[in-house]
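One structure is given here, and the rest of the page talks about it.
The values are calculated or read from the model by the stated rules, or taken from the named source; none is laboratory data. The shown structure was predicted, so the numbers you read here are calculated from the model rather than taken from an experiment. Because the Cβ atoms are built from the backbone with ideal geometry, glycine has one as well, and the counts that use them run over all protein chains shown. Surface areas here come from the heavy atoms of the whole protein model, side chains and all, with no ligands, DNA or RNA. Shrake-Rupley method; radii C 1.70, N 1.55, O 1.52, S 1.80 Å.
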Amino acid sequence: MEAVNIRPAAKEDIPQLLDVMYQYIVDFYKCPRPEEGALDKLVNHLLDNPWEGRQFVAVTPSEKIVGFATLYFTFNTLEAKRMAFLYDLFVVPDIQGQKLGEKLFQTCLSYIRENDYSHMIWETAHDNMVAQSLYDKMGAQKAVWLNYEIK
């Protein structure tokens, strides 16, 4: 495999990044494709407003995007600091197993530590054993908080 670089997403990445994000949303999670223009609007919003969130891309030397991670930022009242929510971490299937998930995770972790965030949280499906194995390997611990959701 070619050496893959992890870096912050940039405007010129948008077309490729959207393709990979659609793979993640539609193919991996089996969710409906977002309304036309909605995902593009979200990515542009993050690029224009980095204090709200940050995306990192995994890029081959030939500039092909093969993965991404998304952090969203909010506040932690208990520590009076900002905190990060790792919402997405995805590597395209044909390149999985080459430690890119670890590299994307480490990049996010380094970012929050370098910027003095209180912590990073995330969630994964109960049956996503591949992701759980990665998070365990990275030294993460299952949270004490129970997640709920409502639509």
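Hey, among 76, 147, which residue is over 21 Å from residue 6 (Cβ atoms) and open to solvent by 90 Å² or more (accessible area, probe 1.4 Å)? It would help to see each step written out before you state the result.
On the way: 76 fails: open to solvent by 90 Å² or more (accessible area, probe 1.4 Å).
None of the others qualify; the one that does is 147.
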Residue among 2, 12 that alone is charged (D, E, K, R), in contact with a Ser or Thr (Cβ under 9 Å, 6 or more places away or on another chain) and more than 14 Å from residue 89 (Cα to Cα): 2
Return yes when residue 101 is closer than 22 Å to residue 143 by Cα and open to solvent by less than 20 Å² (accessible area, probe 1.4 Å) and no when it is not. yes
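Hey, among 8, 15, 61, which residue is at pLDDT below 95 and of a type outside the set (Phe, Trp, Tyr)? Even if it seems obvious, please write down each step before you answer.
Working: 8 fails: at pLDDT below 95; 15 fails: at pLDDT below 95.
The conditions single out 61.
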Taking only region 112-126 into account, find how many residues are modelled with pLDDT of 85 or more and either open to solvent by 40 Å² or more (accessible area, probe 1.4 Å) or of a type in the set (D, E, K, R) (or both). 8
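Give the residue that is most open to solvent (accessible area, probe 1.4 Å), with candidates limited to residues of region 33-61 that are within 12 Å of residue 18 (Cβ to Cβ) and either among the hydroxyl-bearing types (Ser, Thr, Tyr) or in a helix (DSSP H, G or I) (or both). Please lay out each step first, then the result.
Step one: list which residues in region 33-61 are within 12 Å of residue 18 (Cβ to Cβ), which gives 33-34, 36-44, 55, 57.
Adding the requirement that they be either among the hydroxyl-bearing types (Ser, Thr, Tyr) or in a helix (DSSP H, G or I) (or both) leaves 38-44.
Details: 38: 48, 39: 11, 40: 59, 41: 155, 42: 62, 43: 1, 44: 40 Å².
The qualifying residue most open to solvent (accessible area, probe 1.4 Å) is 41.
Can you pull out the strands (runs of 3 or more DSSP E) entirely within region 62-151 that have at least 2 residues that are touching a residue at least 60 places away in the same chain (Cβ under 8 Å) and in contact with a Phe, Trp or Tyr (Cβ under 7 Å, 6 or more places away or on another chain)?
Details: elements: 65-76, 81-91, 120-122.
Per the criteria, 81-91.
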If we scan region 83-90, do we find a residue that is within 16 Å of residue 16 (Cα to Cα) and either open to solvent by 70 Å² or more (accessible area, probe 1.4 Å) or touching an Asp or Glu at 6+ places or on another chain (Cβ under 6 Å) (or both)? no
Give 69, 80 a once-over and let me know the one that is in contact with a strand residue (DSSP E or B) (Cβ under 8 Å, 6 or more places away or on another chain) and at pLDDT 95 or above. 69
